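Read the structure below first, then the notes.
The values are calculated or read from the model by the stated rules, or taken from the named source; none is laboratory data. Just so it is clear, the structure is predicted and the values come from calculations on it, not from any experiment. With ideal geometry, Cβ positions are generated from the backbone for all residues, glycine too; neighbour counts draw on all protein chains shown.
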Amino acid sequence: MALTPPDDRLWWKQPLHGIELSWITISFLWGLLMFGMMVYWHLTGDQNLSNEAYRINPDVYAEKVEAAAEEYMVREDENSGMPVVHPPPGSDVYMLARLWEWWPILELEEGKEYRLHLSSLDWMHGFSLQPANINLQIHPNYEMVLTVTPDKAGEYGVVCNEYCGIGHHQMLGKLIVVK
Amino acid sequence: MSNLMFRTCPETGLKVHGPAEALIKANAVVAVVFLLIGGLFGLLVALTRWQAIHLLPADLFYLALTAHGADVLVFWIIFFEVALLYFASAILLNCRLATPRIAWAAFFLMLAGAVMANVAVLQGESSVMFTSYVPMKAAPHFYLGLILFAVGTLVAVAVFFGTLVIAKQEKTYSGSVPLVTFGAVTAAIIAVYTIASGAIILIPTFLWSVGLVGEIDTLTYRIVWWGFGHSSQQINVAAQVACWYAVAALTVGAKPISEKVSRFAFLLYICFLLLASAHHLLVDPGISSEWKVFNTSYALFLAVLGSMIHGMSVPGAIEVAQRKNGFAHGVFTWLRKAPWGNPAFAGMFLSVILFGFLGGITGVIMGTEQLNIIIHNTLYVPGHFHGTVVAGTTLAFMSITYLVVPLIFRRELIFKRLAQLQPYLFGLGAMGISVFMMAAGTLGVSRRHWDMAFSDAPFSFDYPPAAFMMMGLNGMSAIVASLGGVAFIVVIVGSILFGKKRDDAFAKENPVIFQGSGATVAHHGDAGSLKIPGTTILVAVFFLSFVLYYFVNWKYLSEVWPLS
Amino acid sequence: MAEPDQPEEQAPSTDTEDHAEKIPAMQSLLDNHFLLLFIGVAVPAVLYTIWGVMEVAHIPIAN
Ligand code: HEM
Ligand SMILES: [Cu+2]
Ligand SMILES: [Cu+2]
């Protein structure tokens, strides 16, 4: 029984059943394949995180975001008054998270590549771009940089999906992709 | 050592150490109380996320979610695991428990910590979720409660290891420890690393909350905290597999097909399972893909290999035993004729199946570096772990409780029909919670979120209507699971208080454990004779589902915006 | 992977029992719970925690 010491004192010497050996082999190979799949996707897949990041003081980050917003602002959002920023394709674009908003509204062009910078000014937040379904963990003091190519025009919601206090469910931002 | 401290179990012939038995009872009872409290909070949370009902206001929702996570994930599970550790050491090894006084001290420390953390949460200043990510701050006694609880647990684990030493010295068993005890050893080893990680991160966080320490780095916090948070789930995995083997042995007389293979699988857990704490850090900034890929894969998925081995050897052992018990013809007769009316067996088998199909497969998928981009912090995550820790661990612990009550508390079960129904009710509910939250998560819905309609937000955004339907179905499943949970508590508490006493004579006449010969399976040189066609088919179905669903998720990922 | 035929070696830490046949090395490893405890703590401590914290320490400062 599993509740008593093994009957056979030298249990390690018991032979392996063929069916067990087959299952162990299949499972092991499947594990190798799943491991290989991650490596393979790094080499050939289109969706990988760069892991490029920098340590940054939140005040310094806020200045960067504000400077970029000032330079490329095209209008204000009618309801919220939040600036809509349309940076040139190929450039660095900035968004910040703070209690409880994503700032500013970014307007990007479909099919163009951007270097998107993200960081928080206070607590941790979760960048959840919907319905594109891209989900990233946003930390204060760390600036995350990733290259994105929006491939479908439309209005996207930036949901905060890391719990960040009582206003967490109001923390919704906007990202627009135009043709 | 005085023999007065021991009784002999009329059913198993094991020598049962009185103080060990008392400690098992105390830890199990407190565990069940926290399951009740935590389960209630779970129901409130689920009814709030059912948008048509939206039961609690936002502040109470976040409070209830914090309490739910702490009470069920930490307190229910770990109190029960301590009871299992004492059972697997003192009882199974025919030994006295090392230092019962210290074990009681551990118990009261854990209890004090759990109560303190609950008080802190209910006071309302600590709705930080059980992850308590800095720099969001809880009241100091929230962290202090968790620390006391962790210290108590560490002491209990030390008592377990002490008992192993005593049993060896006093030669209360010969040869190697039983497989179930070995599973418990695995769980205890994992617990040591888990608690050490918890202490390393929670003690500075406590000091920070009272102003003695400056800022705490958020990335370091997440790395070390998940060394605690995720690893504690791996204690569950090891403990639950040990439960599977134990319940299978006690209900149908199953013997491990191969001690070597099963123990080797546990060794893979010991070496590699804990690396998977990296599952939580796959979309965090600045950590290299080398670290992510290596750790999240448990070093080439070797710990997954361990689970897949158990996934064959547990049903395989049951099949072999059942065939010896007279259900040898056909492929699935052994399964059809299994004791489905015995809640211990039914709960155990459902736990094996649901854990494998719901929790296991999805866990590996979420833990794939790139796939995590479409899953991180969505409801897919709680959907997955209600498959592991609710449909898997909680159901397994419930199932063994149906044996603990007659064997350790020595009481007959009352409400036998309700008890028979209970595993199905709870299993069905847990399955629903798991599946529907995962479905909503696939549609992008955020976890830990009070308002998926964003009514107070500055902009509007609509999740697909199907997502709202999934959360409705989730709420209904939550009701079913809660009924199953209440049924469990009514039966268990009722039996302990009012069940007929099983004295030795009565127990001999009305045994609860399997009375067959105890089928012997593997002996030298019978490698060719193992016949488990039913299990082979089950395992094949499992494997095909795994492969299929794995690649479906890569397909989803390939449709996401190009990122690099 | 599990090898069916382990060479019979005398394990460094031996079982105290007085049997003639030697215990296979893997078996005595699996019976040595404190060695397992050491492995089980050391492996994740090095590969997960220490390596992970080093990764964080190496994140460059923004200019
Ligand atoms: C009646 C049974 C249960 C129901 C109805 C239930 C329901 C839920 C729901 C709806 C959530 C919220 C998901 C979210 O908004 O993020 C949740 C979270 C959670 N549940 Fe359960 N659950 C039950 C039992 C359990 C058990 C037995 C465990 C552990 C053993 C568990 C562990 C957790 C944890 C750890 C969380 C996450 C808390 C957090 O995000 O901080 N649940 N549960
Ligand atoms: Cu936020
Ligand atoms: Cu948030």
Worksheet item: Looking at this structure, is A:Gly126 in contact with a strand residue (DSSP E or B) (Cβ under 7 Å, 6 or more places away or on another chain), within 8 Å of another protein chain (Cβ to nearest Cβ) and surrounded by fewer than 23 Cβ atoms within 10 Å (Cβ to Cβ)?
Response: no
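So that you can scan it fast, the table gives a plain yes or no per residue for (1) outside any strand (DSSP E or B); (2) more than 8 Å from chain B (Cβ to nearest Cβ):
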residue	(1), (2)
A:Ala132	yes, no
A:Asn135	no, no
A:Met144	no, no
A:Pro150	yes, no
A:Val158	no, yes
A:Glu162	yes, no
A:Ile166	yes, no
A:His169	yes, no
A:Lys174	no, no
Item to complete: Take the range B:262-303 and flag every residue that is aliphatic (A, V, I, L, M), more than 16 Å from B:Ala239 (Cα to Cα) and at the interface with chain A (Cβ under 10 Å from one of its Cβ atoms).
Response: B:Leu281, B:Leu282, B:Val283, B:Ile287, B:Val293, B:Ala299, B:Leu300, B:Leu302
Item to complete: Show the residue pairs that are 6+ apart or on different chains and have beta-carbon atoms under 9 Å apart, the first residue being within the range B:485-508 and over 21 Å from B:Phe426 (Cβ atoms), the second being among the hydroxyl-bearing types (Ser, Thr, Tyr) and surrounded by fewer than 20 Cβ atoms within 10 Å (Cβ to Cβ).
Response: B:Asp504/B:Thr8
Practice prompt. Quick one: which residue in B:Gly367, B:Gly360, B:Gly341 is under 18 Å from the mean Cα position of the chain (by Cα) and either crowded, with 22+ Cβ neighbours inside 10 Å or under 25 Å from B:Lys501 (Cα atoms) (or both)?
Written response: B:Gly360
Worksheet item: So which residues in the range B:205-245 are more than 11 Å from the chain's Cα centre (by Cα) and among the hydroxyl-bearing types (Ser, Thr, Tyr)?
Response: B:Thr205, B:Ser209, B:Thr218, B:Thr220, B:Tyr221, B:Ser231, B:Tyr245
Discussion item. Tell me yes or no: at least one residue of the range B:245-264 is under 30 Å from B:His141 (Cβ atoms) and not aromatic (Phe, Trp, Tyr).
Written reply: no
Fill in: One residue from A:Pro58, A:Pro104, A:Pro88 being in contact with a strand residue (DSSP E or B) (Cβ under 8 Å, 6 or more places away or on another chain), surrounded by fewer than 19 Cβ atoms within 10 Å (Cβ to Cβ) and either within 14 Å of chain B (Cβ to nearest Cβ) or not small (Gly, Ala, Ser) (or both)
A:Pro58
Worksheet item: Of the numbered conditions (1) at pLDDT 95 or above; (2) in a loop (DSSP other than H, G, I, E, B), B:Ile513 satisfies every one except a single condition; which is it?
Response: (1)
Worksheet item: What are the pairs, 6+ residues apart or on separate chains, where a residue within the range B:21-42 that is more than 14 Å from chain A (Cβ to nearest Cβ) has its Cβ under 6 Å from a residue that is among the hydroxyl-bearing types (Ser, Thr, Tyr) and more than 16 Å from ligand 3 (Cβ to nearest atom)?
Response: B:Leu23/B:Tyr86; B:Ile24/B:Tyr86
Worksheet item: Which ones in the range A:153-165 are near ligand 3 (Cβ under 10 Å from one of its atoms) and among the β-branched types (Val, Ile, Thr)?
Response: A:Val159
Item to complete: Look through the range A:86-127, keep the residues that are in a loop (DSSP other than H, G, I, E, B) and among the hydrophobic types (A, V, I, L, M, F, W, C), and return whichever of them is farthest from ligand 3 (Cβ to nearest atom).
Response: A:Leu121
Worksheet entry | Residue identified as away from ligand 1 (no atom under 15 Å from the Cβ), over 30 Å from B:Tyr549 (Cα atoms) and of a type outside the set (Asp, Glu) among B:Phe488, B:Phe461, B:Phe514 | B:Phe514
Discussion item. Taking the criterion of being modelled with pLDDT of 95 or more, in the same structural domain as A:Lys152 (by TED's automatic domain parsing), not hydroxyl-bearing (Ser, Thr, Tyr) and not in a strand (DSSP E or B), would at least one residue in the range A:19-37 satisfy it?
Written reply: no
Worksheet item: How many residues does the range B:129-175 hold that are touching a residue at least 12 places away in the same chain (Cβ under 8 Å) and at positive phi?
Response: 2
Worksheet item: In the range B:46-62, is there at least one residue being part of a helix (DSSP H, G or I) and β-branched (Val, Ile, Thr)?
Response: yes
Worksheet item: Does the range A:41-51 contain any residue that is more than 12 Å from chain B (Cβ to nearest Cβ), closer than 30 Å to A:His125 by Cβ and of a type in the set (D, E, K, R)?
Response: no
Discussion item. Being within 16 Å of ligand 2 (Cβ to nearest atom), touching a residue at least 24 places away in the same chain (Cβ under 8 Å) and more than 23 Å from the chain's Cα centre (by Cα) narrows it down to one residue among B:Ala52, B:Ala58; which is it?
Written reply: B:Ala58
